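Reading through the structure tokens given below for one structure.
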């Protein structure tokens, strides 16, 4: 999972409409392949976001923390990395884009908008962890 902030806004993407946490938003996320280092997934996320937004992203190669959740039928661990935008290519993401994967697969959200955002409890815990790291 890659936590990205710019100008006081978090970058989110929609989850698939069906399945676990269907239709909710999440920080950009990838599932790890067997034996894959988690930083490789973070870099894969950065590449996907770079292609979609026309921006370059530097990924901090050290994980910033983990959030674990036990669900009825599985355990989920979010390994959280942070990244920062290093430049813009003139294609600025829409500030208030609607969370519609057919139109734009990402959504910017300010801290003030978070309470009303469609996030899972697990994702709120990840955002809280990342917010706390910024205060250190």
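Listed values, structure above:
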| quantity | calculated |
| --- | --- |
| Semi-axes of the equivalent ellipsoid for the range 41-90, Cα gyration tensor, largest first, Å | 28, 12, 7 |
| Net lengthening on full extension, residue 76/residue 17 (0.36 nm per residue, minus Cα-Cα) | 19.4 nm |
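Values in this text are rule-based calculations from the coordinates and carry no lab data. Only a predicted model underlies this, so the values are computations on that prediction, with no experimental measurement involved.
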